[in-house]
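Just so it is clear, none of the values below were taken in a lab; they were calculated from the coordinates. Predicted model, so just to flag it, every value in this text is computed and none were measured. So basically every Cβ, Gly included, is an ideal-geometry build from the backbone, and we count neighbours across all protein chains shown.
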Ligand SMILES: NC(=O)c1ccc[n+]([C@@H]2O[C@H](COP(=O)([O-])OP(=O)(O)OC[C@H]3O[C@@H](n4cnc5c(N)ncnc54)[C@H](O)[C@@H]3O)[C@@H](O)[C@H]2O)c1
């Protein structure tokens, strides 16, 4: 390992995207540390256990002690409660795991001489504006998760200006692929669909299924995020990263079924998707333009949905069905709370 290279910290390094980022950086020969509380990540995703620390970043004192020990030059911040659709029902979790945990990392890191923050934000900051979302649009989040990400972005911009560190804001969208948490009934629609089929059950589609998203394969997203962390041209920029192939949820369902069962006739009748009412504040059309990523990073997403779903299905079959794990209770409950969660239908 080259000691003249910067020291890097990846938060959320046992999670889906964070573990891929960690491995890419480690493979490039960096001294790279990983931290995660394993609330949504898995130790099986951690390739370098001796550089890994299990820590809840909501704990301000322990996090400061950890950061003072590592003294990272660069941080890729991915730790989060990313359950966007649930965030209206678990706002403490969204705020604490996103805004508070981020502040707990950022402030001691600044004190220790942080040079660059690569903040993983989200497409959710755009809300329900005209698609495709462009980086030049003013954030207008529709949900608590989006509000938390917007706050993290703005905190970064202000503190970077005052304390003179560099930053890049990445806004990925609908990322999927191997290592994604299949046990989460609240998010990761591709994973929920595939895991339901592994259980021999049908899956649920909220609303009419005509919501549009561009599902982005991890092998397109993670390398672009790493590249953005090192390119001078990306400093101070906001960059959308993801696929240019918007599809409806119904299209996604068809692709998953076709991949899993090898075509229409092979799909058992009891497995056909069931439609349930919309989730409160779910944005109907949400996908991004990627001209900034194309210009700054030469980025073009390459993996088509059918290919990505096929690779993810192979991986999911290799680890086999996973139990869906629900919270014991939501922080707020309401008649609008999706029945899929209250009645544990997924
Ligand atoms: N997956 C996507 O489609 C997507 C899209 C846009 C943005 N993002 C963002 O990318 C990042 C990674 O998302 P992901 O999909 O890999 O989710 P993930 O849940 O797999 O990863 C997040 C990780 O953060 C960890 N974490 C949560 N709270 C923590 C805490 N208090 N202390 C320490 N660790 C904590 C979890 O254990 C988990 O491993 C998140 O910031 C998310 O908001 C993801």
| Cα pair count fraction exceeding 24 Å, expressed as % - segment 87-227 | 41
| remark: The convex hull of the Cα atoms of segment 1-40, divided by residue count, gives a volume in Å³ per residue of 48
| field | Length-normalised contact order for the chain - Cα pairs under 8 Å, 6+ apart - percent | value | 18
| segment 236-346, Rg to Rh (Cα coordinates; Rh as Kirkwood inverse mean 1/r) | 1.03
| note | From fewest to most C-beta neighbours within 10 Å, the residues 162, 125 line up as 162, 125
| remark: If one compares the long axis through the Cα atoms of helix 16-27 with the longest principal axis of the Cα atoms of the chain, the angle in degrees, nearest 10, works out at 50
| Among 68, 142, 235, which comes first, then next, by fewest other beta-carbon atoms within 10 Å? | 68, 235, 142
| task | Two decimals is fine: what is log10 I(q)/I(0) at q = 0.08, 0.13, 0.15 Å⁻¹ for the chain, from a Debye sum with one equal scatterer on every Cα and no solvent? | result | -0.36, -0.99, -1.35
| request: For each of 38, 182, 9, count neighbouring Cβ atoms within 10 Å of the residue's Cβ, then give the residues from fewest to most. | output: 38, 182, 9
| task | Out of all DSSP beta bridges with both ends in the chain, state the antiparallel percent to the nearest 5. | result | 5
| For segment 165-205 versus segment 38-66, the gap between their alpha-carbon centres in whole angstrom | 21
| query | Using Cα-only point scatterers and the Debye equation, what is log10 of I(q)/I(0) for segment 18-168 at each q in 0.12, 0.20, 0.21 Å⁻¹, rounded to two decimals? | reply | -0.52, -1.35, -1.44
| query | With axes computed from alpha carbons, what is the tilt in degrees of helix 189-198 against the longest principal axis of the chain, rounded to the nearest 10 within 0 to 90? | reply | 50
| remark: Row for segment 69-123, column shape: gyration tensor on C-alpha, a ≥ b ≥ c, rounded if a/c < 1.5 i.e. under 1.5, prolate if a/b over b/c, else oblate; value prolate
| said: Below 8 Å between Cα atoms, with a sequence gap of 6+, how large is the relative contact order for segment 242-302 in percent? | reply: 50
| request: Could you work out how far helix 249-261 tilts from the main Cα principal axis of the chain, as a 0 to 90 degree angle to the nearest 10? | output: 80
